[in-house]
1. Order by neighbour count: 108, 282, fewest other Cβ atoms within 10 Å first, most last.
2. I need the semi-axes of the equivalent ellipsoid of the range 240-282: take the C-alpha gyration tensor, multiply each eigenvalue by 5, square-root it, list largest first in whole angstrom.
3. Could you list which residues have their amide H under 5 Å from that of residue 210, counting only those 5 or more apart in sequence or on another chain, with H placed in the peptide plane?
4. For residue 157, list the lysines whose Cα falls under 18 Å from its own Cα; do not include residues on the same chain fewer than 8 positions away.
5. Give me the distance in nm between label points sitting 7 Å out from Cα along the Cα-to-Cβ direction at residue 258 and residue 163, one decimal.
6. Kirkwood Rh over Cα pairs of the range 215-258 into Stokes-Einstein at 4 °C, 1.567 mPa s: D in µm²/s?
7. Under 27 Å between alpha carbons, and skipping anything fewer than 8 positions from residue 253 in its own chain: which lysines qualify?
8. Between residue 41 and residue 195, what is 0.36 nm times their sequence separation minus the Cα-Cα distance? Round to one decimal in nm.
Amino acid sequence: MAGQIGTIASRESGRETLARARARAVLIPDLLVEASRIANNVLSGWHGRRKRGIGENFWQFRHYIGGEPASTIDWRRSARDDQLYIRDREWQAAHTVWLWVDESPSMLYKSDASLVSKQSRALVLAFAMSELLARSGERIGWLGLTKPIVSRNAAEKLASFLLNSQPQTEIPDITDLRRFADVILFSDFLDPVDKTIEKITQIARFGIRGHLVQIVDPAEQRFPYGGRVEFDDPETGLRITTGNAQNISTEYKNLFNARIQKLRSQAIKLGWSHTIHQTDNLASQALVALHTNLASNAAHSVANLNGAR
């Protein structure tokens, strides 16, 4: 009997996954249009992304980090004080950026305070980011789904791969990622926080620079509930009924914010960035913040990673 119940549960899980994939397929064309609009709005105030790397144009002086080749030290600049400086040049080669969107059942949540689900917003941000990166000539890949591509219509190509794939609920294997690539993870990060920290720490040890975009519904952060309320867990099916939700409001908010702070602290320790985005805010706000983090000094990330080890 237990085996039969397990089989039925497995079939139901398969049906739910298929239903989610079909629902996403219906949404993708509209999400691409929205992503293009947002990318164009951001692009109008963006005059190109500069970053350090191998090129001919001077970018900046920065402090020397132990272990770097002595040949990269600018001795003339270093002679001015007691610090050793590296003369960075502007990056001119294509860079690889990997995207990934969590499509766990919890990402389908949408309260009355928001017009879109967390999954819809995450996909829009991922497509919009791929548009911006494609226009800069970057290589873009989707974790667990595609190899990096260089294409002006990268968003459409990534979307076509998604149309023929099952929803991803776990961060895929990262053994194919090369050192110095960037990975952007869009999720509500409602899995056990220690599990998430273990995964991103593993990725960071491969020399990958990461960016966490935590998507939350306003109701999840504000907890606007009172009276008798029944809460359903979309991941496990667990149901909890409270006699007066207002009585647990403060404790809930403290626990929710503590999760965010723990994840953010670890991200910073690894030299990663962390952006929290509520679905009732403009998507362009998260996109601008993400772009700023991508363009920040990579040397700071390397220094923090070495310290974390």
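Read-outs throughout are calculated quantities, based only on the coordinates presented, and are distinct from any laboratory measurement. Model, not experiment: these values are computed from the prediction. Glycine gets a Cβ as well: all are built from the backbone with ideal geometry, and neighbour counts include every protein chain shown.
1. Taking fewest neighbouring Cβ atoms as first place, the list is 282, 108.
2. Semi-axes (√(5λ), whole Å): 28, 15, 7.
3. Under 5 Å from the amide H of residue 210 lie the amide H atoms of 183, 273, each far enough along the sequence or on another chain.
4. Those lysines meeting the cut-off are 147.
5. Each label point lies 7 Å from its Cα, and together they span 4.7 nm.
6. It diffuses with D of about 116 µm²/s by this estimate.
7. 110, 118, 195, 199, 262, 269
8. My answer for the length gained is 51.8 nm.
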